[in-house]
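Participant: Input: one structure, supplied below.
The values are calculated or read from the model by the stated rules, or taken from the named source; none is laboratory data. Only a predicted model underlies this, so the values are computations on that prediction, with no experimental measurement involved. Neighbour counts are summed over all protein chains in view; Cβ atoms, including those assigned to glycine, are modelled from backbone coordinates with ideal geometry.
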Amino acid sequence: MSNPKSDYRCGFVSLAGRSNVGKSTLLNAMVGEKLSIVTHKTQTTRFRQTGIKTSDTAQIIFIDTPGLHRAGGRGLNRAMNRTALRTLSEGDLVLFVVESFRWTAEDEDLLAHLRESDVPVIVAANKIDLVKPREELLPQIKALAARMDFREIVPVSATRQTNLPELEKVLIKWLPKSPPMYPEDQRTDRDAQFLASEFIREQMLLRLQQELPYGLQVGIERFDDEAKILHIGAVLWVDRAAHKSIVIGRGGSMLKGIGSAARAVLEEHFGKQVNLKLWVKVRPSWSDNSADLQRFGYDS
Ligand SMILES: Nc1nc2c(ncn2[C@@H]2O[C@H](COP(=O)(O)OP(=O)(O)OP(=O)(O)O)[C@@H](O)[C@H]2O)c(=O)[nH]1
Ligand SMILES: [Mg+2]
């Protein structure tokens, strides 16, 4: 690392918040690279993901988590909530992401956990681009400040990239003094196969309707990185036999659409031609089976 100065700061920032507030969007915007998948649907993030931002003065390691949620008693929901809550105590700081204009019972659930923890909490009041008129923002921030003794509250818009340098400054201020933990050019600690499976799952979430996405899982079976072409073979798991034909679609059209969109994203990310092969398989009720959950990499 080029900067051996003793006042260098480095640490882990856990992103916490209910589903859909914009945690993953914020991670990508802060790191400047798409590492965590984003959709308009709830419960998009299912696994812990990291994003590393390195500058001359600090290295911030963001940990993205599944949104804490009340819905559903399936093993999958419990596993996701476990990941979310465990990550809270893992960080040097918690970045509590909320929608600046909306406070719900699930925000309140998370607040109860944050009150009990010793980790300093900074709030990112996100989606300020949706606050209209703009004068509404100040009372919203005041209402947030009254909920807990947060270290700081920073209004931001992750999609418009508003106020992100300010947020970065605040985070660095609260990080411990430490040399960097990762090489300067490393953006995440997850491997290429994990990213590939997530990019494929993102395209399925975007294309499939309603309940179906929650029973989807992607398993990488082949990942051969040759000089000019990357061969990826993946199984798209569904948890009900009836869902298999939906994912394949009429004459294979849905699967083709998922495949070509995913291939474009993968080629962009890996910077080379991708040969992508997808299969659909049924694993009945995997989302409520602890052995299957473990096999797919969920918190058991
Ligand atoms: N208008 C607006 N939309 C945003 C902003 N940040 C995120 N979004 C949108 O909010 C939706 C959810 O974003 P995500 O980043 O997937 O939210 P998340 O908190 O990671 O959600 P889970 O992974 O389900 O917990 C997406 O449609 C984003 O485009 C923002 O600053 N402004
Ligand atoms: Mg997310």
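Participant: With the requirement that a residue be touching a residue at least 12 places away in the same chain (Cβ under 8 Å) and either over 15 Å from Arg18 (Cα atoms) or part of a helix (DSSP H, G or I) (or both), what does the range 63-76 give you?
Facilitator: Matches in the range 63-76: Arg74, Gly75, Leu76.
Participant: Next up: Which ones in the range 20-33 are of a type in the set (D, E, K, R) and more than 11 Å from ligand 2 (Cβ to nearest atom)?
Facilitator: Applying the first criterion (of a type in the set (D, E, K, R)) to the range 20-33 yields 23, 33.
Of everything in the range 20-33, just one residue is of a type in the set (D, E, K, R) and more than 11 Å from ligand 2 (Cβ to nearest atom), namely Glu33.
Participant: On to the next question. Could you pull out every one of the helices (runs of 4 or more DSSP H) wholly within the range 112-219 that has 1 or more residues that are farther than 23 Å from Met30 by Cα?
Facilitator: Details: elements: 137-145, 164-174, 192-207.
Hits in the range 112-219: 137-145, 192-207.
Participant: Pull out all pairs, ordered by first then second residue, where Cβ-Cβ is under 8 Å, the residues are six or more apart or on different chains, the first lies in the range 19-41 and is on the phi > 0 side of the Ramachandran plot, and the second is more than 8 Å from ligand 2 (Cβ to nearest atom) and in a loop (DSSP other than H, G, I, E, B).
Facilitator: From the range 19-41, the pairs are Asn20/His40; Asn20/Lys41; Asn20/Thr42; Gly22/Lys127; Gly22/Ala158; Gly22/Thr159.
Participant: Test of understanding: among Val235, Val170, Val156, which residue is farther than 30 Å from Ala125 by Cα, modelled with pLDDT of 95 or more and touching a strand residue (DSSP E or B) at 6+ places or on another chain (Cβ under 9 Å)? First the steps, then the outcome.
Facilitator: Working: Val170 fails: farther than 30 Å from Ala125 by Cα; Val156 fails: farther than 30 Å from Ala125 by Cα.
Matching residue, one of Val235, Val170, Val156: Val235.
Participant: Based on what the data block shows, is Ser36 more than 15 Å from ligand 2 (Cβ to nearest atom), surrounded by 21 or more Cβ atoms within 10 Å (Cβ to Cβ) and polar (S, T, N, Q)? Walk me through how you get there before you give the answer.
Facilitator: Values: more than 15 Å from ligand 2 (Cβ to nearest atom): no; surrounded by 21 or more Cβ atoms within 10 Å (Cβ to Cβ): yes; polar (S, T, N, Q): yes.
For Ser36, the condition - more than 15 Å from ligand 2 (Cβ to nearest atom), surrounded by 21 or more Cβ atoms within 10 Å (Cβ to Cβ) and polar (S, T, N, Q) - is not met.
Participant: Given (1) under 30 Å from Pro179 (Cβ atoms); (2) outside any helix (DSSP H, G or I); (3) within 9 Å of ligand 1 (Cβ to nearest atom), identify the lone condition not met by Ser14.
Facilitator: (3)
Participant: Can I ask one more? As an exercise: evaluate Asp64 against (1) within 10 Å of ligand 2 (Cβ to nearest atom); (2) in contact with a Lys or Arg (Cβ under 8 Å, 6 or more places away or on another chain); (3) within 23 Å of Asn289 (Cβ to Cβ) and give the number of the one condition it does not meet.
Facilitator: The one condition Asp64 does not meet is (3).
Participant: Would you confirm whether or not the range 245-266 contains a residue that is in a strand (DSSP E or B), closer than 23 Å to Phe47 by Cα and assigned by TED's automatic domain parsing to the domain that holds Asp288?
Facilitator: Of the residues in the range 245-266, the ones in a strand (DSSP E or B) are none.
No: zero hits.
Participant: Which members of the range 48-88 meet the condition of being near ligand 1 (Cβ under 10 Å from one of its atoms), within 22 Å of Asp191 (Cα to Cα) and of a type in the set (A, V, I, L, M, F, W, C)?
Facilitator: Within the range 48-88, Met80, Ala84 meet the criteria.
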